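Just so you know, all these numbers are worked out from the coordinates, no wet-lab data involved. Bear in mind the structure is a predicted one, so any value in this text is a computation, not a measurement. Here Cβ is always computed from backbone atoms with ideal geometry, including for glycine, and neighbour counts include all displayed protein chains.
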Amino acid sequence: MSESMRAFVLTAPGRGGVEDVPIPRPAPGEAVVAVERVGVCGTDVEFFTGEMTYLHTGHSSFPMRLGHEWCGTVVEVGDGVDPATIGRRVTGDTMLGCGKCRRCRRGNQHVCEYRAEVGVRGGRDGALAERIAVPVSSLHALPDAVDGTLGALVEPAGNARRAARAAGLAPGDRALVLGPGAIGLLVAMQLRADGVDIHLMGKTEPSLAFARSLGFESVWSEDAVPDLAYDAVVDASNSSALPALALDLVEPGGRVVYIGIAGSPSMIDTRELATRDVTAVGVLSASPALASTIEVLAAGDIDPRPLVAATVGLDQVADVLAGRRPDDAGPGPKVHVDPRQAA
């Protein structure tokens, strides 16, 4: 049996490639998963460009292995783990809290001060590799109805589900989602399934056209957004200007939900927030919604598979991170990686 595997290793901003690295062995309480599919995320791109905040705060450093949207099959377990776990198809929580602090004890491990984040923070290797080792406590079983594509979409869909729930809407209410990228479209899909009247605002014509192809009729550029009462506005963009616009557009007494993160500070006028009695909610992580998101995807309540434009091998990851789309890519905003694909 080989003692090494292929993994994408990011060594510096703009530099990375496939390397042979040791196959991980499970520590007590861990499982090793053969990776089936991995999604490339905007966070991964920020690491590639060197813009990611964690690189400047000391939470992350090069070299590193990316990949936090993934699924696969358990192939080995460590001491203390039920051997029946082997063979189970799973996805995993990105956020790994310390398990001891007040936040973890209250079920908020995703904001634990001492947390590691798979493929992101604290030196915890990510899933852009043939195998990944993770705590078995972080795993969620996938039913047969959730295929590889959906399995690697559980994490972003879980983020979006939390944002949709934070909007606090009922059937017939109206919502405006800013940013028709992967997260924005997932939020819109979830809200549409809940019977909400969805409007989307975007910047480029291709992104607007793709949103329309998914059946969203009320899709606008910023200068064309109709003057309507929006019971909630969800900012799923990376623009530092849009958080303030979200507050301007929401109906008094409504909610603004901030799930997008800009590369520079974004400002809102809290006087407007208070005098218009608006509730503002921030969303970080899919952790509290992973189980319910798997149920939603298995039931077919939403189908985000059209968001995936292409599936590539590890050898094409650097090109994807650099913004070069595969030649056969569709119009969707997301690219997946299958580490099993031959070079």
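So the values come out like this:
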| item | result |
| --- | --- |
| Packing-based exposure ordering (other Cβ within 10 Å, fewest first) of ASP147, ASP301, ASP223 | ASP223, ASP301, ASP147 |
| Cα-based equivalent ellipsoid, the chain: semi-axes from gyration tensor eigenvalues, Å | 34, 21, 20 |
| At q = 0.10 Å⁻¹, base-10 log of I(q)/I(0) for the range 159-282 (Debye sum, equal scatterers on each alpha carbon) | -0.25 |
| Which of GLU205, GLU76 has the fewest Cβ neighbours within 10 Å, and the rest in rising order | GLU205, GLU76 |
| Given charges at beta-carbon only (K, R positive; D, E negative), |dipole| of the chain in Debye | 840 debye |
| Choice from LEU128, LEU185, LEU228 with maximal GNM fluctuation in the chain (Cα, 10 Å cutoff) | LEU228 |
| Helical mean residue ellipticity (222 nm; -39500 (n - 2.57) per DSSP H run of 4+; nearest 500) of the chain | -6500 deg cm²/dmol |
| Extended-chain gain in nm, criterion 0.36 nm per residue less alpha-carbon gap, GLU295 and THR279 | 2.9 nm |
| Taking PHE48, PHE62, PHE8, PHE216 and counting other C-beta atoms within 10 Å, the order from fewest to most | PHE62, PHE216, PHE48, PHE8 |
| Distance histogram for the range 1-102 (every C-alpha pair counted, 5 angstrom bins, percent rounded to whole numbers) | 2, 11, 16, 21, 20, 16, 10, 4, 0 |
| Potential lengthening between ALA342 and SER2 on full extension [0.36 nm per residue; Cα-Cα distance subtracted] | 120.8 nm |
| Rg(Cα) / (2.2 N^0.38 Å) computed for the range 112-181, rounded to two decimals | 1.45 |
